[in-house]
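**Q** Have a look at this one.
The values are calculated or read from the model by the stated rules, or taken from the named source; none is laboratory data. Just so we're clear, the structure is a prediction, and the values are computed from it rather than from any experiment. Note: ideal-geometry Cβ built from the backbone for every residue, glycine included; neighbour counts use all protein chains shown. Just so you know, the surface numbers come from the protein's heavy atoms only, side chains and all, with ligands and any DNA or RNA stripped out. Shrake-Rupley method; radii C 1.70, N 1.55, O 1.52, S 1.80 Å.
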Amino acid sequence: MLENGEIPDEYTLTTVLKACSRLGKIREGSMIHGFLITSGFPCSGKAAIAGSLIDLYVKCGNLAGAQRVFNQIGEKNVISWSALILGYAQEGNLAEAIELFKQLQNNSKQVDGFVLSSMMGVFADFALVEQGKQMHAYAVKVPSGSEISVSNSIVDMYLKCGLLDEAERLFNEMPARNVVSWTVMITGYGKHGIGKEAIRLFDQMQSNNIEPDGVTYLATPSACSHSGLTKEGEEYFSQLCRNRWVKPGIEHYACMVDLLGRDGRLKEAKDLIENMPLKPNVGIWQTLLSACRVHGNLQLGKEVGQNLLTLDGENPVNYVMISNIYAEAGYWKEYEQVREMAKAKGLRKEAGRSWVEIDKVVHFFYGGDDTHPMIDKIHRVLKEMERRMKEKMGYVHGVKFALRDIDEESKVESLRVHSEKLAIGLALCHGGWDEARVIRVFKNLRICGDCHDFIKCLSKIVKVVFVVRDANRFHQFKDGLCSCRDYW
Ligand SMILES: [Zn+2]
Ligand SMILES: [Zn+2]
(Lines give C-alpha, C1' and ligand atoms only; values in the text may rest on other atoms or scores of the structure.)
(Ligands and ions follow the chains in the order given, each with its own letter.)
Protein backbone atom coordinates (compact mmCIF):
# COMPACT_ATOMS: atom_id res chain seq x y z
CA MET A 1 0.00 0.00 0.00
CA LEU A 2 2.78 2.38 0.97
CA GLU A 3 4.81 1.33 -2.07
CA ASN A 4 1.88 2.36 -4.22
CA GLY A 5 2.21 5.79 -2.73
CA GLU A 6 -1.10 5.58 -0.89
CA ILE A 7 -1.43 7.03 2.60
CA PRO A 8 -3.38 4.75 4.97
CA ASP A 9 -6.26 6.32 6.82
CA GLU A 10 -6.89 6.31 10.56
CA TYR A 11 -9.09 3.22 10.37
CA THR A 12 -6.50 1.11 8.49
CA LEU A 13 -3.72 2.19 10.84
CA THR A 14 -5.73 1.34 13.93
CA THR A 15 -6.55 -2.10 12.54
CA VAL A 16 -2.93 -2.86 11.70
CA LEU A 17 -1.73 -1.65 15.12
CA LYS A 18 -4.33 -3.79 16.87
CA ALA A 19 -3.15 -6.82 14.90
CA CYS A 20 0.46 -6.12 15.91
CA SER A 21 -0.43 -5.84 19.58
CA ARG A 22 -2.53 -9.02 19.47
CA LEU A 23 0.37 -10.91 17.89
CA GLY A 24 2.97 -9.30 20.15
CA LYS A 25 4.78 -7.86 17.10
CA ILE A 26 6.50 -4.96 18.83
CA ARG A 27 9.06 -4.42 16.06
CA GLU A 28 6.48 -4.12 13.28
CA GLY A 29 4.31 -1.97 15.51
CA SER A 30 7.10 0.46 16.34
CA MET A 31 7.99 0.63 12.65
CA ILE A 32 4.48 1.87 11.96
CA HIS A 33 4.83 4.30 14.85
CA GLY A 34 8.13 5.51 13.37
CA PHE A 35 6.54 5.89 9.95
CA LEU A 36 3.73 7.97 11.46
CA ILE A 37 6.21 10.27 13.17
CA THR A 38 8.42 10.77 10.09
CA SER A 39 5.44 11.33 7.82
CA GLY A 40 4.17 13.97 10.21
CA PHE A 41 0.94 12.13 10.93
CA PRO A 42 -0.84 13.78 13.90
CA CYS A 43 -0.81 10.69 16.15
CA SER A 44 -1.42 12.62 19.31
CA GLY A 45 -4.51 14.23 17.85
CA LYS A 46 -6.11 10.96 16.81
CA ALA A 47 -7.49 9.30 19.91
CA ALA A 48 -8.06 5.88 18.32
CA ILE A 49 -4.50 5.62 16.97
CA ALA A 50 -2.95 6.87 20.20
CA GLY A 51 -5.05 4.33 22.11
CA SER A 52 -3.87 1.45 19.89
CA LEU A 53 -0.25 2.58 20.19
CA ILE A 54 -0.47 2.60 23.98
CA ASP A 55 -2.14 -0.79 23.91
CA LEU A 56 0.63 -2.10 21.65
CA TYR A 57 3.42 -0.94 23.95
CA VAL A 58 1.64 -2.20 27.06
CA LYS A 59 0.99 -5.66 25.59
CA CYS A 60 4.63 -5.93 24.56
CA GLY A 61 5.75 -4.96 28.04
CA ASN A 62 7.24 -1.62 26.99
CA LEU A 63 5.61 0.69 29.52
CA ALA A 64 8.08 3.50 28.98
CA GLY A 65 7.02 3.58 25.32
CA ALA A 66 3.35 3.54 26.30
CA GLN A 67 3.88 6.35 28.77
CA ARG A 68 5.67 8.45 26.11
CA VAL A 69 2.76 8.16 23.67
CA PHE A 70 0.32 8.84 26.47
CA ASN A 71 2.13 12.04 27.51
CA GLN A 72 1.94 13.38 23.96
CA ILE A 73 -1.82 13.00 23.57
CA GLY A 74 -3.66 16.28 23.83
CA GLU A 75 -7.16 14.97 24.40
CA LYS A 76 -6.80 11.74 26.43
CA ASN A 77 -9.78 9.39 26.37
CA VAL A 78 -10.77 6.67 28.84
CA ILE A 79 -9.43 3.91 26.59
CA SER A 80 -5.89 5.26 26.61
CA TRP A 81 -6.06 5.93 30.35
CA SER A 82 -7.24 2.41 31.11
CA ALA A 83 -4.71 0.74 28.82
CA LEU A 84 -1.88 2.47 30.66
CA ILE A 85 -3.30 2.01 34.17
CA LEU A 86 -3.84 -1.71 33.66
CA GLY A 87 -0.41 -2.00 32.10
CA TYR A 88 1.22 -0.64 35.24
CA ALA A 89 -1.02 -2.71 37.50
CA GLN A 90 -0.28 -5.97 35.68
CA GLU A 91 3.43 -5.27 35.93
CA GLY A 92 3.02 -4.96 39.70
CA ASN A 93 3.76 -1.24 39.68
CA LEU A 94 0.76 -0.44 41.82
CA ALA A 95 1.90 2.97 43.01
CA GLU A 96 2.01 4.23 39.43
CA ALA A 97 -1.32 2.59 38.54
CA ILE A 98 -3.04 4.13 41.55
CA GLU A 99 -1.53 7.54 40.88
CA LEU A 100 -2.78 7.46 37.28
CA PHE A 101 -6.20 6.34 38.41
CA LYS A 102 -6.38 9.33 40.75
CA GLN A 103 -5.47 11.63 37.86
CA LEU A 104 -8.16 9.99 35.74
CA GLN A 105 -10.76 10.67 38.45
CA ASN A 106 -9.60 14.27 38.77
CA ASN A 107 -10.01 14.67 35.03
CA SER A 108 -13.69 13.87 35.69
CA LYS A 109 -13.67 11.30 32.92
CA GLN A 110 -16.38 8.65 33.05
CA VAL A 111 -14.61 5.46 34.03
CA ASP A 112 -16.24 2.40 32.47
CA GLY A 113 -17.13 -0.86 34.20
CA PHE A 114 -14.27 -2.75 32.59
CA VAL A 115 -11.60 -0.50 34.09
CA LEU A 116 -13.31 -0.49 37.46
CA SER A 117 -13.54 -4.26 37.72
CA SER A 118 -10.03 -4.79 36.31
CA MET A 119 -8.52 -2.39 38.85
CA MET A 120 -10.57 -4.02 41.59
CA GLY A 121 -9.15 -7.37 40.45
CA VAL A 122 -5.62 -6.07 40.89
CA PHE A 123 -6.40 -4.79 44.40
CA ALA A 124 -7.97 -8.15 45.20
CA ASP A 125 -4.93 -10.11 44.03
CA PHE A 126 -2.58 -7.97 46.10
CA ALA A 127 -5.11 -7.74 48.94
CA LEU A 128 -4.88 -3.96 49.01
CA VAL A 129 -7.94 -3.39 51.11
CA GLU A 130 -7.55 0.37 51.59
CA GLN A 131 -7.26 1.03 47.85
CA GLY A 132 -10.12 -1.40 47.26
CA LYS A 133 -12.33 0.46 49.71
CA GLN A 134 -11.53 3.79 48.07
CA MET A 135 -12.37 2.36 44.68
CA HIS A 136 -15.60 0.97 46.11
CA ALA A 137 -16.54 4.42 47.45
CA TYR A 138 -15.83 5.84 43.99
CA ALA A 139 -17.80 3.09 42.21
CA VAL A 140 -21.04 3.86 44.05
CA LYS A 141 -20.87 7.41 42.72
CA VAL A 142 -20.53 6.67 38.99
CA PRO A 143 -23.12 5.05 36.70
CA SER A 144 -20.81 2.21 35.58
CA GLY A 145 -20.38 1.25 39.24
CA SER A 146 -23.83 -0.30 39.28
CA GLU A 147 -22.94 -2.86 36.59
CA ILE A 148 -23.20 -6.41 37.84
CA SER A 149 -19.61 -7.21 36.87
CA VAL A 150 -18.36 -4.30 38.98
CA SER A 151 -20.38 -5.42 42.01
CA ASN A 152 -19.01 -8.94 41.55
CA SER A 153 -15.46 -7.63 41.50
CA ILE A 154 -16.06 -5.63 44.70
CA VAL A 155 -17.45 -8.66 46.53
CA ASP A 156 -14.47 -10.67 45.29
CA MET A 157 -12.06 -7.97 46.48
CA TYR A 158 -13.49 -8.02 50.02
CA LEU A 159 -13.34 -11.81 50.09
CA LYS A 160 -9.73 -11.91 48.94
CA CYS A 161 -8.82 -9.26 51.50
CA GLY A 162 -10.34 -11.43 54.22
CA LEU A 163 -13.31 -9.13 54.99
CA LEU A 164 -16.01 -11.77 54.84
CA ASP A 165 -18.73 -9.75 56.61
CA GLU A 166 -18.35 -6.86 54.22
CA ALA A 167 -18.56 -9.21 51.22
CA GLU A 168 -21.67 -10.92 52.60
CA ARG A 169 -23.39 -7.60 53.21
CA LEU A 170 -22.73 -6.42 49.65
CA PHE A 171 -23.73 -9.73 48.14
CA ASN A 172 -27.04 -9.67 50.01
CA GLU A 173 -27.70 -6.07 48.92
CA MET A 174 -27.06 -6.69 45.22
CA PRO A 175 -30.23 -5.88 43.28
CA ALA A 176 -29.43 -8.52 40.66
CA ARG A 177 -27.01 -11.44 40.69
CA ASN A 178 -25.69 -13.69 37.95
CA VAL A 179 -23.91 -17.02 38.07
CA VAL A 180 -20.58 -15.22 38.61
CA SER A 181 -21.90 -13.42 41.71
CA TRP A 182 -22.93 -16.71 43.33
CA THR A 183 -19.74 -18.44 42.32
CA VAL A 184 -17.54 -15.65 43.70
CA MET A 185 -19.29 -15.94 47.05
CA ILE A 186 -19.11 -19.76 47.10
CA THR A 187 -15.39 -19.60 46.26
CA GLY A 188 -14.88 -17.10 49.08
CA TYR A 189 -16.60 -19.32 51.65
CA GLY A 190 -14.44 -22.19 50.45
CA LYS A 191 -11.19 -20.25 50.87
CA HIS A 192 -12.26 -19.23 54.36
CA GLY A 193 -12.99 -22.86 55.23
CA ILE A 194 -16.74 -22.37 55.67
CA GLY A 195 -17.90 -25.28 53.53
CA LYS A 196 -21.38 -25.46 55.09
CA GLU A 197 -22.15 -21.90 53.92
CA ALA A 198 -20.83 -22.67 50.44
CA ILE A 199 -23.20 -25.63 50.22
CA ARG A 200 -26.12 -23.55 51.48
CA LEU A 201 -25.42 -20.94 48.81
CA PHE A 202 -25.10 -23.54 46.06
CA ASP A 203 -28.54 -24.92 46.96
CA GLN A 204 -30.02 -21.44 47.25
CA MET A 205 -28.60 -20.54 43.85
CA GLN A 206 -30.29 -23.52 42.26
CA SER A 207 -33.61 -22.73 43.90
CA ASN A 208 -33.23 -19.23 42.41
CA ASN A 209 -33.12 -20.96 39.01
CA ILE A 210 -29.53 -19.99 38.28
CA GLU A 211 -27.69 -22.80 36.54
CA PRO A 212 -24.23 -23.55 37.96
CA ASP A 213 -21.42 -23.46 35.40
CA GLY A 214 -18.06 -25.20 35.31
CA VAL A 215 -16.55 -22.70 37.75
CA THR A 216 -19.36 -23.19 40.27
CA TYR A 217 -18.89 -26.93 39.98
CA LEU A 218 -15.26 -26.42 40.85
CA ALA A 219 -15.83 -23.92 43.67
CA THR A 220 -18.37 -26.04 45.54
CA PRO A 221 -16.51 -29.36 45.83
CA SER A 222 -13.31 -27.47 46.57
CA ALA A 223 -15.09 -25.61 49.39
CA CYS A 224 -16.15 -29.03 50.70
CA SER A 225 -12.58 -30.22 50.41
CA HIS A 226 -11.20 -27.26 52.40
CA SER A 227 -13.70 -27.96 55.16
CA GLY A 228 -13.27 -31.72 55.28
CA LEU A 229 -16.79 -32.35 53.92
CA THR A 230 -15.68 -35.30 51.84
CA LYS A 231 -19.06 -36.97 51.31
CA GLU A 232 -20.73 -33.75 50.15
CA GLY A 233 -17.84 -32.98 47.82
CA GLU A 234 -18.11 -36.39 46.19
CA GLU A 235 -21.84 -35.84 45.72
CA TYR A 236 -21.33 -32.55 43.88
CA PHE A 237 -18.74 -34.16 41.66
CA SER A 238 -21.11 -36.96 40.67
CA GLN A 239 -23.83 -34.36 40.13
CA LEU A 240 -21.44 -32.67 37.70
CA CYS A 241 -20.71 -35.95 35.94
CA ARG A 242 -24.46 -36.40 35.39
CA ASN A 243 -24.91 -32.80 34.17
CA ARG A 244 -25.92 -32.57 30.52
CA TRP A 245 -24.46 -29.13 29.82
CA VAL A 246 -21.25 -28.93 31.83
CA LYS A 247 -18.51 -31.53 31.36
CA PRO A 248 -15.89 -32.16 34.05
CA GLY A 249 -12.47 -30.81 33.11
CA ILE A 250 -9.05 -31.69 34.49
CA GLU A 251 -9.46 -29.07 37.24
CA HIS A 252 -12.57 -30.89 38.53
CA TYR A 253 -10.68 -34.17 38.66
CA ALA A 254 -7.79 -32.43 40.43
CA CYS A 255 -10.25 -31.13 42.99
CA MET A 256 -11.47 -34.70 43.61
CA VAL A 257 -7.90 -35.92 43.98
CA ASP A 258 -7.40 -33.21 46.58
CA LEU A 259 -10.59 -34.21 48.38
CA LEU A 260 -9.70 -37.91 48.46
CA GLY A 261 -6.09 -37.13 49.30
CA ARG A 262 -7.08 -35.11 52.34
CA ASP A 263 -9.17 -38.03 53.49
CA GLY A 264 -6.10 -40.26 53.22
CA ARG A 265 -7.64 -42.25 50.34
CA LEU A 266 -4.46 -42.02 48.29
CA LYS A 267 -4.97 -45.25 46.37
CA GLU A 268 -8.46 -44.14 45.24
CA ALA A 269 -7.05 -40.76 44.22
CA LYS A 270 -4.38 -42.44 42.12
CA ASP A 271 -6.94 -44.74 40.50
CA LEU A 272 -9.09 -41.72 39.65
CA ILE A 273 -6.17 -40.07 37.84
CA GLU A 274 -5.30 -43.22 35.96
CA ASN A 275 -8.85 -43.96 34.88
CA MET A 276 -10.15 -40.50 34.03
CA PRO A 277 -10.99 -39.78 30.39
CA LEU A 278 -8.45 -36.92 30.26
CA LYS A 279 -4.68 -36.89 30.06
CA PRO A 280 -3.22 -36.18 33.52
CA ASN A 281 -1.32 -32.91 33.77
CA VAL A 282 1.40 -31.67 36.10
CA GLY A 283 -1.06 -30.01 38.48
CA ILE A 284 -3.06 -33.14 39.22
CA TRP A 285 0.08 -35.19 40.04
CA GLN A 286 1.32 -32.35 42.24
CA THR A 287 -1.96 -32.45 44.13
CA LEU A 288 -1.52 -36.16 44.76
CA LEU A 289 2.13 -35.67 45.72
CA SER A 290 1.28 -33.13 48.38
CA ALA A 291 -1.33 -35.52 49.79
CA CYS A 292 1.42 -38.17 49.94
CA ARG A 293 3.59 -35.72 51.86
CA VAL A 294 0.88 -34.85 54.37
CA HIS A 295 0.12 -38.51 55.01
CA GLY A 296 3.80 -39.45 55.01
CA ASN A 297 3.42 -42.01 52.20
CA LEU A 298 6.93 -42.04 50.81
CA GLN A 299 6.35 -45.16 48.71
CA LEU A 300 3.56 -43.66 46.60
CA GLY A 301 5.21 -40.26 46.76
CA LYS A 302 8.31 -41.60 45.00
CA GLU A 303 6.17 -43.11 42.25
CA VAL A 304 4.19 -39.91 41.74
CA GLY A 305 7.39 -37.87 41.82
CA GLN A 306 8.79 -40.02 39.02
CA ASN A 307 5.66 -39.39 36.93
CA LEU A 308 6.04 -35.68 37.53
CA LEU A 309 9.66 -35.56 36.40
CA THR A 310 8.84 -37.56 33.26
CA LEU A 311 6.02 -35.15 32.47
CA ASP A 312 7.90 -31.95 33.28
CA GLY A 313 11.53 -32.17 34.34
CA GLU A 314 12.06 -28.44 33.88
CA ASN A 315 9.61 -27.29 36.54
CA PRO A 316 11.44 -26.25 39.74
CA VAL A 317 8.29 -26.77 41.85
CA ASN A 318 8.40 -30.50 41.11
CA TYR A 319 11.92 -30.81 42.52
CA VAL A 320 11.04 -28.82 45.61
CA MET A 321 8.00 -30.99 46.28
CA ILE A 322 9.91 -34.24 45.80
CA SER A 323 12.84 -33.11 47.95
CA ASN A 324 10.43 -32.02 50.70
CA ILE A 325 8.83 -35.44 50.89
CA TYR A 326 12.30 -36.98 51.34
CA ALA A 327 13.28 -34.37 53.92
CA GLU A 328 10.19 -34.90 56.02
CA ALA A 329 10.82 -38.64 56.01
CA GLY A 330 14.42 -37.96 57.10
CA TYR A 331 16.03 -39.21 53.87
CA TRP A 332 18.61 -36.47 53.64
CA LYS A 333 20.81 -38.16 51.05
CA GLU A 334 17.93 -38.50 48.56
CA TYR A 335 16.85 -34.99 49.46
CA GLU A 336 20.29 -33.67 48.51
CA GLN A 337 20.27 -35.68 45.25
CA VAL A 338 17.00 -34.13 44.11
CA ARG A 339 18.23 -30.67 45.04
CA GLU A 340 21.43 -31.28 43.10
CA MET A 341 19.44 -32.37 40.05
CA ALA A 342 17.48 -29.11 40.12
CA LYS A 343 20.64 -27.11 40.64
CA ALA A 344 22.42 -28.84 37.76
CA LYS A 345 19.52 -27.86 35.52
CA GLY A 346 19.78 -24.30 36.75
CA LEU A 347 16.21 -24.30 38.11
CA ARG A 348 15.15 -21.91 40.82
CA LYS A 349 11.76 -21.80 42.43
CA GLU A 350 9.71 -18.68 42.81
CA ALA A 351 10.83 -16.67 45.82
CA GLY A 352 8.49 -16.57 48.80
CA ARG A 353 7.03 -13.12 49.29
CA SER A 354 4.70 -11.83 51.99
CA TRP A 355 3.17 -8.48 52.58
CA VAL A 356 1.27 -6.59 55.22
CA GLU A 357 -0.50 -3.24 55.17
CA ILE A 358 0.28 -0.81 57.97
CA ASP A 359 -1.30 2.63 58.10
CA LYS A 360 -2.24 2.37 54.41
CA VAL A 361 1.30 1.51 53.33
CA VAL A 362 2.06 -1.98 52.01
CA HIS A 363 5.34 -3.55 53.16
CA PHE A 364 6.76 -6.45 51.13
CA PHE A 365 9.18 -9.05 52.51
CA TYR A 366 11.19 -11.80 50.86
CA GLY A 367 12.49 -14.79 52.81
CA GLY A 368 15.69 -13.80 54.62
CA ASP A 369 15.02 -10.18 53.71
CA ASP A 370 17.12 -7.74 55.75
CA THR A 371 16.42 -4.61 53.74
CA HIS A 372 13.50 -3.28 55.77
CA PRO A 373 14.47 -0.22 57.85
CA MET A 374 12.94 -1.81 60.95
CA ILE A 375 14.51 -5.23 60.47
CA ASP A 376 16.43 -5.22 63.78
CA LYS A 377 13.33 -4.37 65.75
CA ILE A 378 11.39 -7.06 63.86
CA HIS A 379 13.93 -9.72 64.84
CA ARG A 380 13.88 -8.55 68.45
CA VAL A 381 10.10 -8.86 68.60
CA LEU A 382 10.14 -12.30 66.97
CA LYS A 383 12.81 -13.53 69.39
CA GLU A 384 10.86 -12.18 72.34
CA MET A 385 7.72 -13.97 71.10
CA GLU A 386 9.63 -17.23 70.71
CA ARG A 387 10.96 -16.90 74.23
CA ARG A 388 7.47 -16.45 75.66
CA MET A 389 6.09 -19.31 73.60
CA LYS A 390 8.81 -21.59 74.82
CA GLU A 391 8.23 -20.53 78.42
CA LYS A 392 4.45 -20.83 78.37
CA MET A 393 3.82 -23.67 75.94
CA GLY A 394 7.14 -25.41 75.48
CA TYR A 395 7.16 -24.36 71.85
CA VAL A 396 10.23 -25.49 69.94
CA HIS A 397 10.70 -24.88 66.25
CA GLY A 398 9.48 -27.82 64.21
CA VAL A 399 12.96 -28.17 62.83
CA LYS A 400 11.90 -30.83 60.35
CA PHE A 401 10.27 -28.02 58.42
CA ALA A 402 13.53 -26.22 57.90
CA LEU A 403 14.24 -28.80 55.19
CA ARG A 404 17.94 -28.47 55.55
CA ASP A 405 20.20 -31.00 57.17
CA ILE A 406 22.25 -28.55 59.18
CA ASP A 407 22.81 -27.94 62.86
CA GLU A 408 19.87 -26.93 65.04
CA GLU A 409 20.93 -23.34 65.65
CA SER A 410 21.11 -22.35 61.99
CA LYS A 411 17.84 -24.18 61.33
CA VAL A 412 16.17 -21.93 63.85
CA GLU A 413 17.78 -18.94 62.18
CA SER A 414 16.65 -19.82 58.66
CA LEU A 415 13.11 -20.44 59.90
CA ARG A 416 12.93 -17.12 61.66
CA VAL A 417 13.43 -15.24 58.42
CA HIS A 418 10.54 -16.70 56.43
CA SER A 419 8.76 -13.80 54.81
CA GLU A 420 5.40 -14.30 56.58
CA LYS A 421 7.13 -14.15 59.97
CA LEU A 422 8.90 -10.93 59.08
CA ALA A 423 5.59 -9.42 57.99
CA ILE A 424 3.97 -10.48 61.26
CA GLY A 425 6.95 -9.16 63.19
CA LEU A 426 6.51 -5.76 61.59
CA ALA A 427 2.78 -5.72 62.36
CA LEU A 428 3.55 -6.60 66.00
CA CYS A 429 6.04 -3.72 66.18
CA HIS A 430 3.17 -1.44 65.22
CA GLY A 431 0.36 -1.51 67.72
CA GLY A 432 1.69 -4.19 70.04
CA TRP A 433 0.04 -7.48 70.96
CA ASP A 434 -1.96 -6.91 74.13
CA GLU A 435 -4.93 -5.51 72.32
CA ALA A 436 -7.65 -7.54 70.61
CA ARG A 437 -7.13 -6.81 66.92
CA VAL A 438 -6.67 -8.55 63.58
CA ILE A 439 -3.38 -8.70 61.71
CA ARG A 440 -3.71 -9.66 58.05
CA VAL A 441 -0.76 -11.06 56.17
CA PHE A 442 -0.64 -12.26 52.58
CA LYS A 443 1.76 -14.71 50.97
CA ASN A 444 2.35 -15.70 47.34
CA LEU A 445 3.24 -19.33 48.14
CA ARG A 446 1.86 -21.96 50.47
CA ILE A 447 2.60 -21.29 54.14
CA CYS A 448 5.19 -23.71 55.54
CA GLY A 449 4.51 -26.06 58.42
CA ASP A 450 6.76 -24.28 60.84
CA CYS A 451 5.32 -20.83 60.25
CA HIS A 452 1.88 -22.41 60.63
CA ASP A 453 2.89 -23.88 64.01
CA PHE A 454 4.54 -20.65 65.02
CA ILE A 455 1.49 -18.48 64.29
CA LYS A 456 -0.80 -20.98 66.01
CA CYS A 457 1.21 -20.78 69.22
CA LEU A 458 1.58 -17.05 68.85
CA SER A 459 -2.20 -16.60 68.68
CA LYS A 460 -2.40 -18.39 72.03
CA ILE A 461 -0.09 -16.04 73.90
CA VAL A 462 -1.25 -12.72 72.40
CA LYS A 463 -4.72 -11.24 72.01
CA VAL A 464 -4.24 -10.69 68.29
CA VAL A 465 -6.10 -12.77 65.69
CA PHE A 466 -3.96 -13.54 62.64
CA VAL A 467 -5.46 -13.96 59.19
CA VAL A 468 -2.98 -15.32 56.67
CA ARG A 469 -3.91 -15.73 53.03
CA ASP A 470 -1.50 -18.09 51.30
CA ALA A 471 -1.56 -19.44 47.73
CA ASN A 472 -4.27 -21.94 48.65
CA ARG A 473 -6.62 -20.45 51.20
CA PHE A 474 -7.19 -18.31 54.29
CA HIS A 475 -5.91 -19.37 57.69
CA GLN A 476 -7.47 -17.72 60.70
CA PHE A 477 -5.35 -18.23 63.80
CA LYS A 478 -7.10 -17.64 67.08
CA ASP A 479 -6.47 -18.95 70.58
CA GLY A 480 -3.93 -21.49 69.44
CA LEU A 481 -6.04 -23.01 66.64
CA CYS A 482 -6.27 -22.50 62.89
CA SER A 483 -9.44 -22.51 60.80
CA CYS A 484 -7.85 -24.96 58.33
CA ARG A 485 -7.59 -27.55 61.10
CA ASP A 486 -3.99 -28.14 60.02
CA TYR A 487 -4.75 -29.43 56.55
CA TRP A 488 -3.90 -27.05 53.74
ZN1 LIG B 1 7.67 -20.56 56.85
ZN1 LIG C 1 -4.10 -23.07 58.82
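**Q** Could you please put Y236, Y11 in sequence from largest to smallest accessible area, using a 1.4 Å probe?
**A** Y11, Y236
**Q** Looking at segment 35-123, which GluC sites (Glu not before Pro) are in a loop (DSSP not H, G, I, E or B) and have at most 12 other Cβ atoms within 10 Å?
**A** E75
**Q** Short version: what are the Cα gyration tensor semi-axes of the chain, square root of 5 times each eigenvalue, largest first, in whole Å?
**A** 42, 28, 27
**Q** In debye to the nearest 20, how big a dipole does segment 117-176 give about its Cα centre with +1 on each Lys and Arg Cβ and -1 on each Asp and Glu Cβ?
**A** Approximately 140 debye in magnitude.
**Q** For K267, go through the lysines and keep the ones whose alpha-carbon is under 19 Å away, minus same-chain ones fewer than eight residues off.
**A** Those lysines meeting the cut-off are K231, K279, K302.
**Q** Ok, one more. I'd like to check one number: the per residue accessible area of segment 185-266, probe 1.4 Å, reported in Å² as a whole number.
**A** 43 Å²
**Q** Continuing with the same structure: Determine the distance separating the Cα centre of segment 231-290 from the Cα centre of segment 321-355; give it in Å without decimals.
**A** Centre-to-centre distance over Cα atoms comes out at 27 Å.
**Q** Next up: Given the DSSP H assignment, sum -39500 (n - 2.57) over each helix run of at least 4 residues in the chain and divide by its residue total; what's the result at 222 nm in deg cm²/dmol, nearest 500?
**A** Estimated from H runs of four or more residues: -19500 deg cm²/dmol.
**Q** Could you tell me whether segment 277-349 comes out rounded, prolate or oblate from its Cα gyration tensor? Rule is a ≥ b ≥ c as square roots of the eigenvalues, rounded for a/c under 1.5, then prolate if a/b exceeds b/c, otherwise oblate.
**A** Details: a/c = 2.19, a/b = 1.13, b/c = 1.94.
Oblate, since a/c reaches 1.5 and b/c is not below a/b.
**Q** About the Cα centre of segment 222-317, how large is the charge dipole given +1 on each Lys and Arg Cβ and -1 on each Asp and Glu Cβ? Please answer in debye to the nearest 20.
**A** The calculation lands at about 140 debye.
**Q** Given P143, P175, A127, which one lies farthest toward the positive end of the charge dipole of segment 117-176, if we put +1 on the Cβ of every Lys and Arg and -1 on the Cβ of every Asp and Glu?
**A** Highest projection toward the positive end goes to P143.
**Q** Got the relative contact order for the chain handy, in percent, Cα pairs under 8 Å and 6 or more residues apart? Show your work: numbers first, answer last.
**A** On the way: 686 pairs, mean separation 36.5, N = 488.
Reported relative contact order: 7 percent.
**Q** Between C429 and Y331, what is 0.36 nm times their sequence separation minus the Cα-Cα distance? Round to one decimal in nm.
**A** Going from the current span to full extension adds 31.4 nm.
**Q** Now for a separate question. Put a dot 7 Å past each Cα toward the Cβ at V179 and K279; how far apart are the dots in nm?
**A** 2.7 nm
**Q** Next up: Considering every Cα-Cα pair within segment 117-176, what fraction, in whole percent, is farther apart than 14 Å?
**A** Details: 834 of 1770 pairs.
For segment 117-176, the share of Cα pairs beyond 14 Å comes to 47 percent.
**Q** Separate question: Within segment 303-360, report the GluC sites (Glu not before Pro) that DSSP leaves as loop and that have at most 13 other Cβ atoms within 10 Å.
**A** Hits after loop and neighbour filter: E314, E350.
**Q** Put a dot 7 Å past each Cα toward the Cβ at K383 and V361; how far apart are the dots in nm?
**A** Reported label-point gap for V361 and K383 is 2.5 nm.
**Q** Take every Cα pair under 8 Å in segment 277-349 that's 6+ residues apart, average their separations, divide by the length, and report that relative contact order as a whole percent.
**A** It comes to 29 percent, rounded to a whole number.
**Q** Full-extension gain between R446 and I250, please, as 0.36 nm times their residue separation minus the C-alpha to C-alpha distance.
**A** Details: separation 196, 0.36 × 196 = 70.56 nm, distance 2.17 nm.
Contour length minus Cα-Cα distance gives 68.4 nm.
**Q** Tell me the trypsin sites (Lys or Arg not before Pro) within segment 335-374 that lie in a loop according to DSSP and have at most 13 other beta-carbon atoms within 10 Å.
**A** The qualifying sites are K345, R348, K360.
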